[in-house]
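A.B. asks: Please find one structure pasted underneath; my questions will follow.
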Amino acid sequence: MTVAQRPAGEIALGPRRERFLLDSDRLLGPALLAPAVVYLLLVVAYPLGLAFVYAFSDVTTGSQSLHFVGFQTFIAAVQDPVFLTTLRNTFVFTALTQLLVVLFSTVLAFVLTANFRGRWFVRFLVLLPWTTPVALSAVIWLWMLDSIFSPFDWFAQLLHIVPPGGHIVFLGQSGLAMGSIIALQTWRVLPLATVILMAGLTAIPADINDAAEVDGAGFWRRLFGITLPLLSPVMTVALLFGIVFTFTDMAAVFVLTGGGPGNSTQVLASWAFYKGINGGNLAVGAADALIMFPVLLGLAAIVLRIASRAEVG
């Protein structure tokens, strides 16, 4: 039987069945979610499970044997004299970075939502650090903070902060080195927080501020009485993202200071890499990394609790 001799209903059955398969939620939904699920299993779940196995074993890079030792690995990680320094540095690094990010991103969000000429170019400059590769941005900062060729030295000499021919050793002193990695991380995380707060500002109805202005409320009263309270839920979301990114990040420390001078800028992420990869003790490195997990879980719960209260209020 040729196609022309077939009944019209039988000919239309094929395309109709294909359309039904594409419109079926039971098939289309899992098909679209499958790549994301596979990605999360391979990139997140598998390494996390492997880290749990390593943390309760005695595995090293020099042997193929793996024996279960319980919590002895965690005890050895905590008893390391550098551990408390890395833990303190991690909290200081995260707290000061997020304090600066929240402050500067709020100011930038107000500036970039205003109408002025060249706004698109300013937005491009603000977003540039987020699009720049981490290694490249860190190398740029490494050059700017060089003890001999730093441009900050030139400005310091011009302003007579240091004598002519003198140099500021940014990465060779503990306080300046910590300030340097905080500045780099703030510069990196700032664009994301700014974009989130800009979205929050544009979502606030203009009628509320207009009505308050008509009632005689000035800029500062509208800012602290209306805008910031309405912006606080979005601000807590930006804060949560920043805390997670900063607490688990080691790029700034690894490229800029390498944890020095004398492990004074080591954070948990960089110390776990140093112990597990450079030191060859995969078990202790995994234990150091897993210590961040409950801490981050607790911080995330606190921030989300604050966000929910702000929304209810």
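A.B. asks: Under unit Cβ charges (Lys, Arg +1; Asp, Glu -1), what dipole magnitude, rounded to 20 debye, does the chain have relative to its Cα centre?
C.D. replies: 420 debye
A.B. asks: Quick one: if the Förster radius is 25 Å, what FRET efficiency do W120 and I140 give, using the C-beta to C-beta distance and rounding to 0.05?
C.D. replies: Rounded to the nearest 0.05, the efficiency is 0.60.
A.B. asks: What are the trypsin sites (Lys or Arg not before Pro) within the stretch 74-134 that DSSP puts in a loop, where the Cβ has at most 11 other Cβ atoms within 10 Å?
C.D. replies: Listed in order of number, the matching sites are R117.
A.B. asks: Which shape class applies to the stretch 113-200: rounded if a/c is under 1.5, otherwise prolate when a/b exceeds b/c and oblate if not, where a ≥ b ≥ c are the square roots of the Cα gyration tensor eigenvalues?
C.D. replies: Because a/c hits 1.5 or more and a/b exceeds b/c, the stretch 113-200 counts as prolate.
A.B. asks: Tell me, what % of the accessible area of the chain is carbon and sulfur with a 1.4 angstrom probe?
C.D. replies: 71 percent
A.B. asks: Just to verify a number: FRET efficiency for L84 and I302, C-beta to C-beta distance, R0 = 30 Å, to 0.05?
C.D. replies: After rounding to 0.05, the efficiency reads 0.85.
A.B. asks: Let me ask you something else. If exposed means no more than 14 neighbouring beta carbons inside 10 Å and the site is in a DSSP loop, what's the longest run of the chain without any exposed chymotrypsin sites (Phe, Trp or Tyr not before Pro)?
C.D. replies: With a cap of 14 other Cβ atoms within 10 Å, the longest stretch comes to 150-313.
A.B. asks: What nm distance separates the two modelled labels at L158 and F52, each placed 7 Å from Cα along Cα→Cβ?
C.D. replies: Modelled inter-label distance: 5.6 nm.
A.B. asks: Let me check I've understood the local charge: for I168, count other residues with C-beta under 13 angstrom from its C-beta, Lys and Arg +1, Asp and Glu -1. What total comes out?
C.D. replies: Here the charged neighbours net out to -2.
A.B. asks: I've got another one for you. Any idea how far apart V44 and V111 come out in nm if each label point goes 7 Å out from Cα toward Cβ?
C.D. replies: The modelled label-to-label distance comes out at 3.4 nm.
A.B. asks: Counting Lys +1, Arg +1, Asp -1, Glu -1, what net charge surrounds A283 among other residues with beta carbon under 15 Å of its beta carbon?
C.D. replies: Result for the neighbourhood of A283: -2.
A.B. asks: Could you tell me the calculated FRET efficiency between L128 and V214, based on Cβ-Cβ distance and R0 = 41 angstrom, to the nearest 0.05?
C.D. replies: Efficiency, rounded to the nearest 0.05: 0.55.
A.B. asks: Related question: So for the pair A203, L223, with labels modelled 7 Å out along Cα→Cβ, what separation do we get in nm?
C.D. replies: 2.3 nm
The values are calculated or read from the model by the stated rules, or taken from the named source; none is laboratory data. Values in this document were obtained by computation on a predicted structure and should not be read as measured data. All Cβ positions, glycine included, derive from the backbone under ideal geometry; neighbour counts span all protein chains shown. Protein only, heavy atoms only, side chains kept; ligands, DNA and RNA dropped before computing areas. Shrake-Rupley method; radii C 1.70, N 1.55, O 1.52, S 1.80 Å.
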